[in-house]
Amino acid sequence: MIKLLLPAALAVLAGIASAQAQTFPTRPGTVIVPFAAGGPADITGRLAAEIFSKAFGQQFVVENIGGAGGATGTTRAARAAPDGYTLALGHMGTHAAAVALTPNLAYKPDTDFEPIGLMSTQPVILATRKGFPANSLKEFVTYAKANQSKLNMAHAGIGSVSHTTCLLMHHEIGIKTTMVPFTGTAPVLNAMLGEQVDYVCDPILGPAGHIRAGTLKGLAIATDKRHALLPDVPTSAEGGLPGWQAAPFYAIFAPKGTPQAVIDRLSDALDKGLDDETVRKRLSDLGAVITEKKDRGPKPLAAMVKSEMDRLIPILKSAATQ
Ligand code: MLT
């Protein structure tokens, strides 16, 4: 008898889950940003939360859970109930580089999450405090080679974008400097404004305003073309370091096991939100490159996570041990 009832009961439960997914969301949700407020990850995560709030008429709020280069907040998201009410902002650091650099990482970027969609890429800038002796990437290389032991590179924790991309730059130059961890690059920039640390490799959303205002120096952008927002900042190739290229991806993830209908609703809302002219203007005014329509959605994000893991893990393991 029990054997006969079981399939019927499972079918009823599946029906309830599917009906719940169709009406999702019926209450507020959270976007975990695994870094301090005010930095590129936070700005992007807040925009995603706004997109979901507007699309669903339910408030999605940002919760900043910094620490361990993004691993603390990302682990919390991986372990959250897979119901679509807890999402995570993830990027090249949390969802690729961390695998190479974070000991005992408690989640697997490619199997513990349901990808929702890519939002943008954000070119990385080498920015220094105003009083730093070098005024160009070439001068930076010369100065850093001669003063390695005195220099402080600040970053948002092991495995973060700011840590990883500076590590790759150090590898290209052949230097090792002191690395100072913070919970995000917003506090790093404050420390640089106070001349307490020397330099950072931060996505353009972070330092661009300070560089334009002349309170920090932008020595190079790690892309093959200059950026319209900072036309005076030369590319890494112009500065003699063509191998240093970095434009990390920013994306939204849900915990593994989130119902497909909920994933579809979130992914569709994010896609439409990125078509909104106000959202587009805000992101591009900050220097982000909005992901093209064909590259949005769960499948391109899953492919991005895999290809970035394949690309970065071997290089970073070797860069970290040299
Ligand atoms: C931030 O948003 O605070 C940082 O850019 C994070 C990072 O470096 O990965």
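The values are calculated or read from the model by the stated rules, or taken from the named source; none is laboratory data. Remember, predicted model here, so these are calculated numbers, not experimental data. For neighbour counting, all protein chains shown are included, and Cβ atoms are generated from backbone atoms with ideal geometry for every residue, glycine included.
Per-residue answers, yes or no, for (1) surrounded by fewer than 16 Cβ atoms within 10 Å (Cβ to Cβ); (2) closer than 23 Å to THR44 by Cα; (3) not aliphatic (A, V, I, L, M):
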site	(1), (2), (3)
LEU168	no, no, no
PHE182	no, yes, yes
TYR199	no, yes, yes
ILE204	no, yes, no
THR215	yes, no, yes
GLY239	no, no, yes
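A quick yes/no check of all residues on (1) assigned by TED's automatic domain parsing to the domain that holds VAL33; (2) of a type in the set (D, E, K, R); (3) in a loop (DSSP other than H, G, I, E, B):
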residue	(1), (2), (3)
ILE211	no, no, no
LYS217	no, yes, no
GLU238	no, yes, yes
LEU241	no, no, yes
ALA254	yes, no, no
ASP264	yes, yes, no
SER267	yes, no, no
LYS272	yes, yes, no
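Region 39-144 holds strands (runs of 3 or more DSSP E) entirely within its bounds, and those carrying 3 or more residues that are more than 30 Å from GLY239 (Cα to Cα) and touching a residue at least 40 places away in the same chain (Cβ under 8 Å) map to 86-91, 113-121.
I want to confirm something. Restricting to region 302-322 and keeping residues that are closer than 21 Å to THR177 by Cβ and surrounded by fewer than 18 Cβ atoms within 10 Å (Cβ to Cβ), which single residue is modelled with the lowest pLDDT? Of everything passing the filter in region 302-322, GLN322 is modelled with the lowest pLDDT. Filtered by the rule that a residue be surrounded by 20 or more Cβ atoms within 10 Å (Cβ to Cβ) and touching a Pro at 6+ places or on another chain (Cβ under 9 Å), region 267-297 gives SER267, LEU286, GLY287, ALA288, THR291, GLY297.
Rundown of residues vs (1) outside the structural domain of HIS170 (by TED's automatic domain parsing); (2) closer than 26 Å to LEU193 by Cα; (3) of a type in the set (Asp, Glu); (4) buried (at least 19 other Cβ atoms within 10 Å of the Cβ), yes/no style:
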position: ALA81; (1), (2), (3), (4): yes, no, no, no
position: ALA98; (1), (2), (3), (4): yes, no, no, yes
position: ALA106; (1), (2), (3), (4): yes, no, no, no
position: PRO109; (1), (2), (3), (4): yes, no, no, yes
position: LYS138; (1), (2), (3), (4): no, yes, no, no
position: ASN147; (1), (2), (3), (4): no, yes, no, no
position: LYS150; (1), (2), (3), (4): no, yes, no, no
